[in-house]
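The values are calculated or read from the model by the stated rules, or taken from the named source; none is laboratory data. Quick caveat: nothing in here was measured; it's all calculated off a predicted structure. Here the Cβ positions follow ideal geometry from the backbone for every residue, glycine too, while neighbour counts run over all protein chains shown.
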Amino acid sequence: MIDFASELRKAYSGDAWHGNNVSAIISSVKDRQVFKRPIPNAHTIAELVLHLTAWTEEVISRLMDNMAKEPENGDWPEVNEETPASWDVILRDFHIANEKLVNLALMMTGDQWLENVRHIEGPRLTKWELLNGLIQHHAYHGGQIALLLKF
């Protein structure tokens, strides 16, 4: 049986096969880079981290057998303030959400991972497929953040 919590941990803060995990990438961000938009019409690093947090929280909700929906704060939550204190809150919320998800994943049994996520409509996913999608989501947006750091 696959250790699903371990797979999430690798993407979030462990030894990811593709390179740096998303936490390592985010921790290398300098305050002056957080709210910059080096590519017109692209998201800032802060916006990307808010998006990652929103979807991590939604995955937690779905794994707890709540109905699938858009994240509580929206798909792309807005940055409230462009200050170092605001960035600290964004980072804290990202880490809290991911640690909650890892802890939830550790408590789930093999049979629970094979259960379907509750949907009103749309494709049926097992809880494992949902978590695997979030792992891929972390890698994808982590790569975007890494690219923005080069500008």
- Note on the structure: A careful count of residues in segment 116-145 that are of a type outside the set (Val, Ile, Thr), free of Cβ contacts under 8 Å to residues at least 40 places away in the same chain and farther than 30 Å from Lys36 by Cα gives 6
- Filtered residue count, segment 55-64, keeping only those that are buried (at least 21 other Cβ atoms within 10 Å of the Cβ) and either at pLDDT below 95 or small (Gly, Ala, Ser) (or both): 0
- Of all residues in segment 99-118, count the ones that are among the aliphatic types (A, V, I, L, M) and not in a helix (DSSP H, G or I). 3
- Task: Answer yes if at least one residue in segment 70-88 is assigned to a helix (DSSP H, G or I) and touching a Leu at 6+ places or on another chain (Cβ under 8 Å), and no otherwise.
- Result: no
- Message: Which of the numbered conditions does Ile60 fail, given that it passes all the others? Conditions: (1) over 21 Å from Gly143 (Cβ atoms); (2) of a type in the set (A, V, I, L, M, F, W, C); (3) part of a loop (DSSP other than H, G, I, E, B).
- Response: (3)
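Rundown of residues vs (1) part of a helix (DSSP H, G or I); (2) aliphatic (A, V, I, L, M), yes/no style:
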| site | (1), (2) |
| --- | --- |
| Ala68 | no, yes |
| Ala97 | yes, yes |
| Glu121 | no, no |
| Gln136 | yes, no |
| Leu147 | yes, yes |
